[in-house]
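The values are calculated or read from the model by the stated rules, or taken from the named source; none is laboratory data. Note that the coordinates shown come from a computational prediction; the quantities given were computed from them, not determined experimentally. Ideal geometry is used to build each Cβ from the backbone, glycine not excepted, and the neighbour counts take in all protein chains shown. With ligands, DNA and RNA removed, areas are computed over all heavy atoms of the protein, side chains included. Shrake-Rupley method; radii C 1.70, N 1.55, O 1.52, S 1.80 Å.
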Amino acid sequence: MSVSGVGGAMSVDRVMQLRAQILERNQALKSASEAASSPAPVSTGPKSFTDTLDTALKSVNEGQQQASKLSESYERGETVDIAKVMLARQQASVGFEATLQVRNKLLAAYKDIMSMPV
């Protein structure tokens, strides 16, 4: 099976192989950058729910800000890889959607608890 387009015919298998290679490289780069930038983990005991939620929200916010910066750089014509821009935007979108779902579940649980007879 092949896909013909502007660049000629390219097999679907070849496209999937290229995609897998790109994903592997992105994961390796992400792992390397996280290992270089993060200090050794310090065990301080269990965190409170508020701290965990605050950390998660800050992480989602940072992802959205990074995606916005990359988009703006690309729009200004700076040399930014479009794949990197799209990947950052998708990660920010998925993070936001996950946060939204968690919020909805928390609200539903709160409503259930408040409607319980005492």
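Observations, loosely collected:
- Per-residue accessible area (protein heavy atoms, 1.4 Å probe) orders Tyr110, Tyr74 as Tyr110, Tyr74, starting from the largest.
- Remark: spin-label model distance Met16-Asp54 equals 4.7 nm, labels positioned 7 Å along the Cα→Cβ axis.
- Averaging 1/r over each pair of different alpha-carbon atoms in the range 56-112 and inverting the result gives 12.4 Å, the Kirkwood hydrodynamic radius.
- Solvent exposure ordering (accessible area, 1.4 Å, most first) of Phe49, Phe96: Phe49, Phe96
- Net length gained if the chain between Ser31 and Arg103 were fully extended (0.36 nm per residue, minus Cα distance): 23.1 nm
- For the range 50-103: relative contact order, % (alpha-carbon pairs under 8 angstrom, 6 or more apart): 40
- Given a 1.4 Å probe and the protein chains as shown, Leu106 ends up with an accessible area of around 70 Å².
- For Lys30, a cut-off of 23 angstrom between C-alpha atoms picks up these lysines, skipping any fewer than 8 places away in its own chain: Lys58, Lys69, Lys84.
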